[in-house]
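Let me begin by presenting the structure, written as structure tokens, before commenting on it.
The values are calculated or read from the model by the stated rules, or taken from the named source; none is laboratory data. Only a predicted model underlies this, so the values are computations on that prediction, with no experimental measurement involved. Positions of Cβ are backbone-derived with ideal geometry, glycine not excepted, and every protein chain shown enters the neighbour counts.
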Amino acid sequence: MLVLGGSEEEGVIKPYKKLVDVSVGDAHRGGMKPITFVRQVIAACIYPELLHDNTLPADVKERAWRLMRECEGGSVGSYTDVCGIPYVKSSVSDFITRRDGGVPASPENIIMSSGSQTALMFVLNLLVDGEGPAQTGVVIPIPTYDLFAMAMEELGAEMVPYYLCEEEGWALRVEELRSAVRAGRLHCHPRALYVINPSNPTGNVQSRKIIEEVIRFVAEEKLFLMADEVYQDTVQGGGTDFVSYKRVLFEMGPPYSENVQLASFHSVSKGFMGECGLRGGYVELVNVDPAFMEKACTWLSAGAGSAVIGQIALNIMVDPPRPGDPSYTMYSQEVKFKKDTLSCNVRRVQEVLQDIPGFTCQAVGGGIYAFPRLHLPQRAVQRAKELGLEADLLYCTRLLEEEGVCLEPGSSLGQKEGTHHIRLCLMTSTKTLEVLLKRLQRFHLRFLKEFS
Amino acid sequence: MFSFREAWSVTLRGLCGILHSAARQRPLRTPAMPVPAPLSLSFGRAPWWLSATRRSISYKMSENGVASRRGKVLTVDTMNPRIKRVEYAVRGPIVQRAVQIEKELKEGAKKPFTEVIKANIGDAHAMGQQPITFFRQVMALCAYPELLNSSQFPEDAKNRAQTILQSCGGGSIGAYSTSQGIESVRQDVARYIEKRDNGIPSNPDNIYLSTGASDAIVTTLKLLVCGEGMSRTGVMIPIPQYPLYSAALAELGAVQVDYYLNEEQCWSLDVSELRRSLEAARKRCNPRVLCIINPGNPTGQVQSRECIEEVIKFAAEERLFLMADEVYQDNVYADGCQFHSFKKVLFEMGPQYSDTLELVCYHSTSKCYMGECGFRGGYMEVINMDAEVKAQLTKLVSVRLCPPVPGQIMMDLVVNHPQPGDPSHSTFIKEKSATLNTLAERARLTEEILNTVPGIQCNPVQGAMYSFPRITIPERAVQKAKEKGQAPDMFYCMNLLEETGICVVPGSGFGQTEGTYHFRITILPPTEKLKILLNKLKEFHLRFTQQYS
């Protein structure tokens, strides 16, 4: 019996028993467990009878009580303020200040959203205008987060792509940005630059130096900076540390710190909470006028605000148990386990793939994916063409059919012409990864043989 | 057989092929979304800027590219002009002032009242309504499955939670669901609809779970709005309306086509008025959509079956796409009134209509007897939607990944609640009835008290959660309002707020016949408080009338 994400296909005989789906960045689907403290607080907020429950730790009850007090009528079923529960926004701005070594943040500039995707679309929608040569263009990396590209299509923004440099570990090169924008100006009005740091899918983590260069670039070119930083907690040790765009911007001082406009996005979906289904995220807007915020929030008000449970999860992410709290030990153990699992998976993928012909893999400095390059025989590329497919899509389709492994083809995310990649999510149990790698290797060698 | 994202990648390219070759003339069935250029990121094709054809076209460099180097990129002047036009009265300036007053009270300011009562927004829990115990128990169990070992939860809640968790990825509500919504939830929704509609079949594939009904409504409008100038999509909405509609139409740049509900006939919908509105609209746009809110917001009217049949006939005749907002379907109070779903009536009218009329119906977890606004649960059922447009819809919802899973679960509980014989059944029925009875009582009370005020006329509140009384404003007050640049009923409501702390929404935020004034007040405050509130309002009105005579 084949089991696929809840639905079942009966009577189909497959050479595998269970599907392995690492095509999306979904930790829980990949077998990772939620953080206990998060779920305890959420449960108590939903069903306040639990506040009398002796099995729940005191800090859980305290947090739940605190959060419910901030909800209208003390219920998580009420609407919240349009931009989010003020207490949650304060906790977010405190977090940002702590994270950025004291660089100030204000709850006034924070908007809670149902997932970072909603916030990304919110900002995009504010930016788009014009038609033809005046149509808003957004400068986006290749490869990119594909849903952002789709959102651009939906909202009518022109794509102005710039290539990340695979040979240099998928580095962002400002010369690339420059030539992209120059070319973009011929057919649209580029107004924003979208960066993902740490990167999805490449795993590249930008150094402070690069970030400064990007900031100088957007200042010169008058671009609004959209910094998707949802993977900021997943940086691997021993490499480049994560530093936020906001921090670098402020530490560069005027004129940059006063003029460059920045939107920074974060979410509970990635990182070690992995709570994709709860839809919790926020955007911090930097250097936007209060009059603009007011207009933006008026528009937002018609949408009834973001999911309360998501806001609760986000509050816990930015204000987790501290040393000395009853839940701290378990909390930090659970986070450590996930960090270690991710690191282990990053190493393991590299280890295994580097010994298989037909794969090259850049180092993964951060993020939750590996994005190895496939070196496919020309006959495979030809066959794909005949079928009207990209070669990596053919590869992934066959891999799914024959081995029950679901990956994302690089062609969905963008890549240089003539290259092929696959993306695997690494937020999964080590056991699942082993099964995956075994099946992948088996399939890959067979595939190479078939088309050589 | 693919993961939802894999299906997307494949479908997208296939779909683009279909769209490019389609040259349909039938206006209702053409996918109305701008045809997206296939993602030109790679796909083996040369990036567009390397194409010789492109290079040979010289574009005049956009002046904007140079001129706006000074100043910020994103300001009130440079933001999306459509979004700038959006207003939403329910949370508008009067509410902002109410929040400010609350702050002032907290800081010790002396006022003729001690608290602000927010009777502006349809938020039942905020006004003290209690959630349904079973729903919260199941949700808590789903959130923290360890509780399945606890003795404080009834067996049916535990079983339910286990069933739900089995349909979540990795057994967790923290996994993404498919974009259309968890399949077992959609199946439950379909069963609920069938049961509600005397067995008329409902297909789970036609159900799309959403982030509240608002999300589904805006998504539908996105599919429908297209064209330019005279052929720009017109959308017919009732006046008075729920201002989400006008906000969405402003954002999408659609033409708002007003049809007036008949206040003298208890806010009834007359097809003659629909016809008048449509014919006038055809002179300036392409009206393609008819929006109905039943039971009505803000008016509370519950449409009779005959009325619904007439609307369906009209929509069929005039080839209009029908959007039926039915989020208040359990909130029916008046004797002689009954909720009839548009779908049920459509199908009972026979294949002449049910085979062809395009209809979308909306429901939500925010209203009725559960009032779970914060969970953002909702769904739409699409009926007779063109297959290619439906594929576009599926693609559109996938851009947002998925609706919040807790909201999907809440929707599941609403449509599949405890049945006779279940341990939780009697408590459930008790709670549901108590809430609905209380609302009915308050609906009656509101109408009664307001109608004792000379200068206030209140239609019966047949359903929903609001009263929309008409107020007579003395001419001098109208003048004063004009001087202040305010709509007269906004002026009235602001004064009401400042003098009594009662926050209601002026009728101008919902639309009304020229020269008439109204306000919308919710019937949600606890009954004793509501009595006090309404009497304070009465006193204010008399005072105000006297002051400006």
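For segment B:354-390, the candidate set comprises residues that are touching a Gly at 6+ places or on another chain (Cβ under 9 Å) and of a type in the set (Gly, Ala, Ser); within that set, the residue that is surrounded by the most Cβ atoms within 10 Å (Cβ to Cβ) is B:Gly374. Only residues that are within 21 Å of the chain's Cα centre (by Cα) and aromatic (Phe, Trp, Tyr) were counted in segment A:87-119, giving 1. For B:Gln100, the requirement of being within 30 Å of A:Met32 (Cβ to Cβ), more than 7 Å from every other protein chain (Cβ to nearest Cβ) and in a helix (DSSP H, G or I) is not met. Among the residues of segment B:302-320, those that are out of contact with any Gly (no Cβ under 7 Å at 6 or more places or on another chain) and either at pLDDT below 95 or in a loop (DSSP other than H, G, I, E, B) (or both) comprise B:Gln303, B:Ser304, B:Glu318, B:Arg319, B:Leu320.
Results for (1) more than 14 Å from chain A (Cβ to nearest Cβ); (2) assigned to a helix (DSSP H, G or I), shown as yes or no for each residue.
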residue	(1), (2)
B:Lys158	no, yes
B:Ile164	no, yes
B:Ile173	no, no
B:Val185	no, yes
B:Ile193	yes, yes
B:Pro201	yes, no
B:Leu209	no, no
B:Lys222	no, yes
B:Cys226	no, no
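When A:Leu56 is tested against (1) without any contact (Cβ under 8 Å) to a residue 40 or more places away in the chain; (2) facing chain B (nearest Cβ under 10 Å); (3) assigned to a helix (DSSP H, G or I); (4) of a type outside the set (Lys, Arg), exactly one condition is not met: (3). Only one entry of A:Val283, A:Val268 meets the criterion of being closer than 29 Å to B:Glu372 by Cβ, modelled with pLDDT of 95 or more and more than 9 Å from every other protein chain (Cβ to nearest Cβ), and that entry is A:Val283. Only a single criterion out of (1) surrounded by 15 or more Cβ atoms within 10 Å (Cβ to Cβ); (2) touching a residue at least 12 places away in the same chain (Cβ under 8 Å) is not satisfied by B:Asn535, namely (1). The single condition from (1) without any contact (Cβ under 8 Å) to a residue 40 or more places away in the chain; (2) not in a helix (DSSP H, G or I); (3) not charged (D, E, K, R) that B:Pro131 fails is (1).
Among the residues of segment A:287-301, those identified as among the aliphatic types (A, V, I, L, M), more than 7 Å from chain B (Cβ to nearest Cβ) and either over 22 Å from A:Ala227 (Cβ atoms) or buried (at least 20 other Cβ atoms within 10 Å of the Cβ) (or both) are A:Ala296, A:Leu300.
Number of residues in segment A:306-330 that are at the interface with chain B (Cβ under 8 Å from one of its Cβ atoms) and of a type outside the set (A, V, I, L, M, F, W, C): the value is 2.
Suppose the filter is at pLDDT 95 or above and surrounded by fewer than 24 Cβ atoms within 10 Å (Cβ to Cβ); does B:Thr211 pass it? No; evaluated as a whole, the condition is false for this residue. Within segment B:67-81, being at the interface with chain A (Cβ under 9 Å from one of its Cβ atoms) and modelled with pLDDT under 85 holds for B:Ser68, B:Arg69, B:Arg70, B:Gly71.
Residues of segment A:291-325 that are charged (D, E, K, R) and in a loop (DSSP other than H, G, I, E, B): A:Asp319, A:Arg322, A:Asp325.
Tell me whether segment B:233-247 contains one or more residues that are assigned to a helix (DSSP H, G or I), surrounded by fewer than 20 Cβ atoms within 10 Å (Cβ to Cβ), within 14 Å of another protein chain (Cβ to nearest Cβ) and not hydroxyl-bearing (Ser, Thr, Tyr). Step through it out loud before you land on a result.
Kept after step one, since they are assigned to a helix (DSSP H, G or I), are these residues of segment B:233-247: B:244-247.
Within this subset, residues satisfying the condition of being surrounded by fewer than 20 Cβ atoms within 10 Å (Cβ to Cβ) are none.
Within segment B:233-247, not a single residue is assigned to a helix (DSSP H, G or I), surrounded by fewer than 20 Cβ atoms within 10 Å (Cβ to Cβ), within 14 Å of another protein chain (Cβ to nearest Cβ) and not hydroxyl-bearing (Ser, Thr, Tyr).
Go through segment A:9-53 and give me each residue that's outside any helix (DSSP H, G or I), over 22 Å from A:Asp146 (Cβ atoms) and within 9 Å of another protein chain (Cβ to nearest Cβ). Write out each step before concluding.
First pass over segment A:9-53, keeping only residues outside any helix (DSSP H, G or I): A:9-35, A:47, A:53.
From what's left, over 22 Å from A:Asp146 (Cβ atoms): A:9-18, A:31-35, A:47, A:53.
Hits for segment A:9-53 are A:Glu9, A:Val12, A:Gly31, A:Met32, A:Lys33, A:Pro34, A:Tyr47, A:Asp53.
Using the structure shown, decide if A:Asp289 is at pLDDT below 95, of a type in the set (D, E, K, R) and more than 25 Å from B:Arg400 (Cα to Cα). Yes, satisfied.
Where residues in segment A:118-139 are touching a Ser or Thr at 6+ places or on another chain (Cβ under 8 Å) and at the interface with chain B (Cβ under 9 Å from one of its Cβ atoms), which of them is farthest from A:Arg182 (Cα to Cα)? Give the derivation first.
So the first thing to find is which residues in segment A:118-139 are touching a Ser or Thr at 6+ places or on another chain (Cβ under 8 Å), and the list is A:118-119, A:122, A:127-130, A:133-134.
Among the residues that remain, those that are also at the interface with chain B (Cβ under 9 Å from one of its Cβ atoms) are: A:118, A:127-130, A:133-134.
On the way: A:Thr118: 29, A:Leu127: 19, A:Val128: 19, A:Asp129: 19, A:Gly130: 19, A:Pro133: 13, A:Ala134: 14 Å.
Among residues in segment A:118-139 that are touching a Ser or Thr at 6+ places or on another chain (Cβ under 8 Å) and at the interface with chain B (Cβ under 9 Å from one of its Cβ atoms), the one farthest from A:Arg182 (Cα to Cα) is A:Thr118.
For segment A:86-176, which fully contained strands (runs of 3 or more DSSP E) count at least 3 residues that are farther than 22 Å from B:Val86 by Cβ?
Numbers: elements: A:110-113, A:136-142, A:158-163.
Output list reads A:136-142, A:158-163.
Filtering segment A:271-280 to residues that are more than 11 Å from chain B (Cβ to nearest Cβ) and either touching a helix residue (DSSP H, G or I) at 6+ places or on another chain (Cβ under 6 Å) or within 18 Å of A:Val82 (Cβ to Cβ) (or both) leaves only A:Phe272. Is one or more of the residues making up segment B:438-456 over 28 Å from B:Glu326 (Cβ atoms), in a helix (DSSP H, G or I) and touching a residue at least 12 places away in the same chain (Cβ under 8 Å)? Yes.
Selection over segment A:177-195 of residues that are facing another protein chain (nearest Cβ under 7 Å) and in a helix (DSSP H, G or I) gives a count of 1.
In segment B:515-532, which residue that is assigned to a helix (DSSP H, G or I) and of a type in the set (A, V, I, L, M) is surrounded by the fewest Cβ atoms within 10 Å (Cβ to Cβ)? Break it down into steps so the answer makes sense when it comes.
Going residue by residue through segment B:515-532, those that are assigned to a helix (DSSP H, G or I) are B:527-532.
Adding the requirement that they be of a type in the set (A, V, I, L, M) leaves B:530, B:532.
Details: B:Leu530: 22, B:Ile532: 14.
The qualifying residue surrounded by the fewest Cβ atoms within 10 Å (Cβ to Cβ) is B:Ile532.
For segment B:250-259, a residue qualifies if it is among the hydrophobic types (A, V, I, L, M, F, W, C) and either modelled with pLDDT of 95 or more or in a loop (DSSP other than H, G, I, E, B) (or both), and the qualifying residues are B:Ala254, B:Val255, B:Val257.
Screening A:Ala149 with (1) more than 29 Å from A:Ala370 (Cβ to Cβ); (2) surrounded by 22 or more Cβ atoms within 10 Å (Cβ to Cβ); (3) within 7 Å of chain B (Cβ to nearest Cβ) gives one miss only, at (1).
Being touching a residue at least 60 places away in the same chain (Cβ under 8 Å), surrounded by fewer than 17 Cβ atoms within 10 Å (Cβ to Cβ) and more than 30 Å from B:Val76 (Cβ to Cβ) is true of A:Cys344.
Conditions (1) hydroxyl-bearing (Ser, Thr, Tyr); (2) crowded, with 21+ Cβ neighbours inside 10 Å; (3) within 30 Å of B:Gln162 (Cα to Cα), marked per residue:
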| site | (1), (2), (3) |
| --- | --- |
| B:Ser398 | yes, no, yes |
| B:Ile409 | no, yes, yes |
| B:Gln419 | no, no, yes |
| B:Glu441 | no, no, no |
| B:Arg444 | no, no, no |
| B:Leu450 | no, yes, no |
| B:Gly463 | no, yes, no |
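Can you confirm whether A:Gly365 is in contact (Cβ under 8 Å) with a residue 40 or more places away in the chain, of a type outside the set (Val, Ile, Thr) and in contact with a His (Cβ under 8 Å, 6 or more places away or on another chain)? Outline the logic, then answer.
On the way: in contact (Cβ under 8 Å) with a residue 40 or more places away in the chain: yes; of a type outside the set (Val, Ile, Thr): yes; in contact with a His (Cβ under 8 Å, 6 or more places away or on another chain): no.
Criteria not met by A:Gly365.
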